[in-house]
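Report on the structure given below.
The values are calculated or read from the model by the stated rules, or taken from the named source; none is laboratory data. Predicted, not measured: the structure shown is a model, and the values here were computed from it. Cβ atoms come from the backbone with ideal geometry, glycine included; neighbour counts cover every protein chain shown.
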Amino acid sequence: MSTLIADVRHRFSALAQGTVFFDGPGGTQVPDEVIEAIAGYLRESNANLGGAFERSRRSDRLVGEGRRAAAGFLGCGAEEVVFGANMTTLNFALSRSLGRELEAGDEIVVTKLDHDGNVSPWLELSHDLGIVVRFAEIRDNTTLDLEHLASLLSERTRVVAFPWASNAVGTLVDVARVAGLAHSVGALAWVDAVHYAPHGPIDVAAAGADVLLCSPYKFFGPHLGLAFARADLLERWRPYKVRPSPDRPLGARFETGTLQHELLAGFVAAVGYVDSVGFETIVLYERELGARFLAGLPESCRLHGLPTMDGRVPTFCLTIGDLGADVAAERLAEHGFAVWSGDYYAVEAMNRLGLPDGAVRVGIVHYNTADEVDRLLEALADSRFAVPTGRVPRSLADDSSREEV
């Protein structure tokens with residue numbers, strides 16, 4: 001395993017620059033092959049679609065290749081793939097299209113484990129249409145309260161929107177079980193897989209997802225949004241689109257304007273990279289690193305979330321002694337560690353945990369090493385870590401302290 005990970009790290013030039021990257025939940029580093037694919041497209045194929053000349057035809061082929069790569073990654077048909085600027089933008093677009101079918105009194109269930117990208121689109125529709133948004137609770141241990149969620153369902157429920165994994169505390173959700181609950185009342189299972197996608201394989205059919213969204217820049221690719229929606233839904237929904245844009249493939253109906261073709265080239269390379277490593281390897285190795293981190297966490301750090309690797313991905317929400325989250329993150333940056341502070345747009349989860357000012361988030365992905373984990377633990381345990389440096393922390397209101405999807 002150590003030899004394999006060493007080989008993986010050689011594929012990331014960014015990892016040789018000195019910073020230890022535990023900021024993966026906000027966006028991972030990319031392998032060099034992704035960078036080269038983006039540059040190669042711009043050098044050799046840069047053109048819009050539908051032309052009679054060779055560069056345009058290369059771009060046509062690339063978009064088709066991107067849909068096939070996404071279909072393989074998600075376990076769906078190529079026509080069921082939708083690309084966009086980011087998950088949040090795609091979610092507003094898809095939910096607004098569904099909104100044409102909703103009426104006052106219809107109900108949407110979201111969870112307090114969600115990133116706001118899977119909450120605010122529904123809250124905005126409630127302002128526009130008079131639909132009702134209900135929040136499923138989370139338990140003290142940060143797991144989703146499935147009994148409470150089930151109690152919120154009725155014949156008026158149209159969508160159950162929920163995360164596959166929490167971007168704040170790392171908790172996994174039993175996706176197939178929640179999808180089954182949604183389907184039992186005729187509702188759609190609307191899955192935010194942004195945070196899960198770098199940590200495990202996705203099969204939308206096995207999960208029971210009707211709609212699923214993720215962000216390639218969270219799984220070693222460029223800044224894009226990616227969505228799956230069942231073909232019959234994409235066929236039925238009326239999209240917000242300009243008249244000349246195509247109606248086939250189905251997913252293209254929801255892609256406004258020209259796609260970021262160079263980023264699609266990077267996306268194809270990113271999927272190829274993940275396939276070359278394999279999720280079986282990624283899951284086992286990340287579990288090992290996560291367990292190492294949890295076992296060595298000093299008493300000065302309070303973990304908000306599950307205490308073992310069971311039922312979670314290796315994303316850890318911490319308060320560190322008496323330090324504010326921003327101060328702690330800046331102190332770690334001075335020690336060479338990239339982590340996040342704030343609420344990471346997980347507004348409801350942070351409020352539920354009594355962390356209105358946020359916390360520190362440490363995110364492990366498979367290009368991290370045991371040595372990096374040990375060095376972080378040593379820094380956290382060092383009594384000098386809490387000594388003031390005189391630096392002024394950035395404001396919690398600064399959007400750069402958070403994340404978007």
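Out of region 234-263, which residues are outside any loop (DSSP other than H, G, I, E, B) and acidic (Asp, Glu)?
Answer for region 234-263, where residues must be outside any loop (DSSP other than H, G, I, E, B) and acidic (Asp, Glu): GLU235, GLU262.
Please go through region 384-399 and pick out each residue that is assigned to a helix (DSSP H, G or I) and either within 27 Å of the chain's Cα centre (by Cα) or at pLDDT 95 or above (or both).
The one that is assigned to a helix (DSSP H, G or I) and either within 27 Å of the chain's Cα centre (by Cα) or at pLDDT 95 or above (or both): ASP399.
Inside region 95-191, counting only strands (runs of 3 or more DSSP E) that do not spill past its ends, which hold 2 or more residues that are surrounded by fewer than 20 Cβ atoms within 10 Å (Cβ to Cβ) and not basic (Lys, Arg)?
Per the criteria, 132-136.
Checking ALA47 against (1) small (Gly, Ala, Ser); (2) in contact with a Gly (Cβ under 6 Å, 6 or more places away or on another chain); (3) over 28 Å from ALA207 (Cβ atoms): exactly one of these is not met. Which one?
(2)
Looking for something under 30 Å from THR315 (Cβ atoms), in a loop (DSSP other than H, G, I, E, B) and in contact with a strand residue (DSSP E or B) (Cβ under 6 Å, 6 or more places away or on another chain) - is there at least one such residue anywhere in region 62-82?
Within region 62-82, one or more residues are under 30 Å from THR315 (Cβ atoms), in a loop (DSSP other than H, G, I, E, B) and in contact with a strand residue (DSSP E or B) (Cβ under 6 Å, 6 or more places away or on another chain).
Quick one: which of ASP128, ASP145, ASP114, ASP174 is of a type outside the set (Ser, Thr, Tyr) and more than 22 Å from the chain's Cα centre (by Cα)?
From the options ASP128, ASP145, ASP114, ASP174, the qualifying one is ASP128.
I'm trying to understand the selection: among the residues of region 274-319, which are hydroxyl-bearing (Ser, Thr, Tyr) and surrounded by fewer than 17 Cβ atoms within 10 Å (Cβ to Cβ)?
SER276, THR281, THR308
Take the residues in region 301-340 that are polar (S, T, N, Q) and touching a residue at least 40 places away in the same chain (Cβ under 8 Å); name whichever of them is farthest from HIS199 (Cα to Cα).
THR319
Any chance region 59-80 includes a residue that's surrounded by fewer than 22 Cβ atoms within 10 Å (Cβ to Cβ), of a type in the set (S, T, N, Q) and at pLDDT 95 or above?
The answer is no, given that none of the residues of region 59-80 is surrounded by fewer than 22 Cβ atoms within 10 Å (Cβ to Cβ), of a type in the set (S, T, N, Q) and at pLDDT 95 or above.
Only one of (1) touching a Leu at 6+ places or on another chain (Cβ under 6 Å); (2) over 22 Å from LEU172 (Cβ atoms) is not met by VAL339, so which one is it?
(2)
Are any residues in region 193-233 of a type in the set (A, V, I, L, M) and assigned to a loop (DSSP other than H, G, I, E, B), and if so, which ones?
The answer is ALA193, VAL194, ALA197, ILE202, ALA209, LEU224.
If a residue has to be among the polar types (S, T, N, Q) and under 20 Å from the mean Cα position of the chain (by Cα) to count, how many in region 245-280 make the cut?
1
Among residues belonging to region 1-32 that are in contact with a Gly (Cβ under 7 Å, 6 or more places away or on another chain) and modelled with pLDDT of 95 or more, point out the one that is surrounded by the most Cβ atoms within 10 Å (Cβ to Cβ).
Top of the filtered list is PRO25.
To keep it simple, each residue is scored yes or no on (1) touching a residue at least 24 places away in the same chain (Cβ under 8 Å); (2) in contact with a Leu (Cβ under 8 Å, 6 or more places away or on another chain).
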site	(1), (2)
LEU264	yes, yes
ALA269	yes, no
GLU280	no, no
ARG287	yes, no
GLU299	no, no
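Give the residues of region 205-224 that are surrounded by fewer than 24 Cβ atoms within 10 Å (Cβ to Cβ) and either closer than 14 Å to VAL82 by Cβ or more than 12 Å from the chain's Cα centre (by Cα) (or both), sorted by residue number.
Once the filter is applied, which keeps residues that are surrounded by fewer than 24 Cβ atoms within 10 Å (Cβ to Cβ) and either closer than 14 Å to VAL82 by Cβ or more than 12 Å from the chain's Cα centre (by Cα) (or both), region 205-224 yields ALA205, ALA206, ALA207, GLY208, ASP210, PRO222.
Quick check: is even one residue across region 40-55 among the aliphatic types (A, V, I, L, M), surrounded by 14 or more Cβ atoms within 10 Å (Cβ to Cβ), touching a strand residue (DSSP E or B) at 6+ places or on another chain (Cβ under 6 Å) and under 30 Å from LEU234 (Cα atoms)?
no
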